[in-house]
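Comments concern the structure below.
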Amino acid sequence: MKTDRKTPVLIGLGLVLAAGCVVYPLYVIWPFRYQNPRELQAALAVLRMRPALEGLAVGMAVAGAAVYWRSGARGWRRALAVTGAVLTILFAGLSRINIYEMMFHPLDRPAFAAASDTKLDGDEKVITVAIGGAARAYPVRGMSYHHVLNDVVGGVPIVATY
């Protein structure tokens with residue numbers, strides 16, 4: 001049994017689709033990069049459709065590899081077909097992991113100093129919260145590493161995010 005030229009294209013399309021479902025949303029929401037509204041909208045659409053797209057990609061790659069396997073192809077062609085299917089499955093699995101949740105951990109016990117004791121320059125951006133006579137300022141530079149800070153201000157538990 002001989003395979004046609006469409007089989008490698010099927011495997012390649014599956015691999016590109018699976019990789020795109022992982023890479024494009026990560027590229028768009030990369031920290032400290034300008035994100036325009038259209039590309040954010042497109043990335044969110046990819047995230048919403050990703051389970052169906054990944055299923056399609058895996059189906060295409062596995063079907064292509066199965067056709068190659070049964071065709072009697074030998075050597076590097078068979079290995080390449082199986083590698084493409086395995087990589088597609090790997091990308092499908094990776095798309096289920098939110099890498100940003102793994103990177104950023106909330107700061108549960110922040111340390112504070114009086115404003116006069118800080119070494120912030122005049123242009124430093126801060127997130128400020130004032131509740132019941134108590135005030136806090138959280139430097140954006142520090143918040144960019146944690147993105148979430150749990151605190152109590154004026155007896156009220158808060159979550160500051162950036």
Quick check on the range 77-98. Is at least one of its residues at pLDDT below 80 and either exposed (fewer than 14 other Cβ atoms within 10 Å of the Cβ) or not in a helix (DSSP H, G or I) (or both)? yes
Would you point out the residue of the range 109-162, among those that are among the small types (Gly, Ala, Ser) and in a strand (DSSP E or B), that is nearest to the chain's Cα centre (by Cα)? Ala160
Filtering the range 48-69 for residues that are modelled with pLDDT of 85 or more and either touching a Ser or Thr at 6+ places or on another chain (Cβ under 7 Å) or over 14 Å from Phe91 (Cβ atoms) (or both) leaves a count of 13
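Which of the residues belonging to the range 126-151 are over 24 Å from Trp30 (Cα atoms) and either surrounded by 14 or more Cβ atoms within 10 Å (Cβ to Cβ) or touching a Pro at 6+ places or on another chain (Cβ under 8 Å) (or both)?
Result: Val129, Arg136, Ala137, Asp151.
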Are any of the residues in the range 49-71 surrounded by 14 or more Cβ atoms within 10 Å (Cβ to Cβ) and within 30 Å of His146 (Cβ to Cβ)? yes
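The values are calculated or read from the model by the stated rules, or taken from the named source; none is laboratory data. Predicted model only: the values in this text are computed from it and were never measured. Note that each Cβ is placed from the backbone with ideal geometry, even for glycine, and that neighbours are counted across all protein chains shown.
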